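A.B. asks: Below is one structure. I have some questions about it.
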Amino acid sequence: MPIKPSGLITTLFGVCGFFAQLLIARLNRVINQTVKLPDVRKRLISSGLEVLDSTTPEEYTAFRKADLAKWIKIIKDINLHLE
């Protein structure tokens with residue numbers, strides 16, 4: 001979904017997983033259309049979110065992978081462990 005807050009920490013809203021590609025494409029199209037509605041866009045922005053004009057499922061997947069890699073590096077760099 002084309003929404004992300006600005007800054008270091010990113011919260012993603014999107015559809016992923018083992019869905020059929022046609023379903024993912026349709027959901028992506030509907031979500032992109034929905035966030036372009038003025039009242040929806042205004043509400044998201046007023047909540048502190050940055051709304052992207054549109055994204056593809058492939059762009060979302062690439063962003064998720066890059067974000068995961070960033071956090072793995074941060075966790076390793078600070079030697080963070082669960083207790």
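A.B. asks: Has the range 41-63 got at least one residue that is in a loop (DSSP other than H, G, I, E, B), touching a residue at least 40 places away in the same chain (Cβ under 8 Å), of a type in the set (Val, Ile, Thr) and under 24 Å from residue 20 (Cα atoms)?
C.D. replies: yes
A.B. asks: Please tell me if residue 27 is outside any loop (DSSP other than H, G, I, E, B) and either of a type in the set (A, V, I, L, M) or modelled with pLDDT under 90 (or both).
C.D. replies: yes
A.B. asks: Could you tell me which numbered condition residue 16 fails, if it satisfies all but one of (1) closer than 21 Å to residue 69 by Cβ; (2) at pLDDT 85 or above?
C.D. replies: The one condition residue 16 does not meet is (2).
The values are calculated or read from the model by the stated rules, or taken from the named source; none is laboratory data. Small disclaimer: the values here were computed from a predicted structure and weren't measured. Cβ sites come from the backbone with ideal geometry, for glycine too, and all protein chains shown count toward neighbours.
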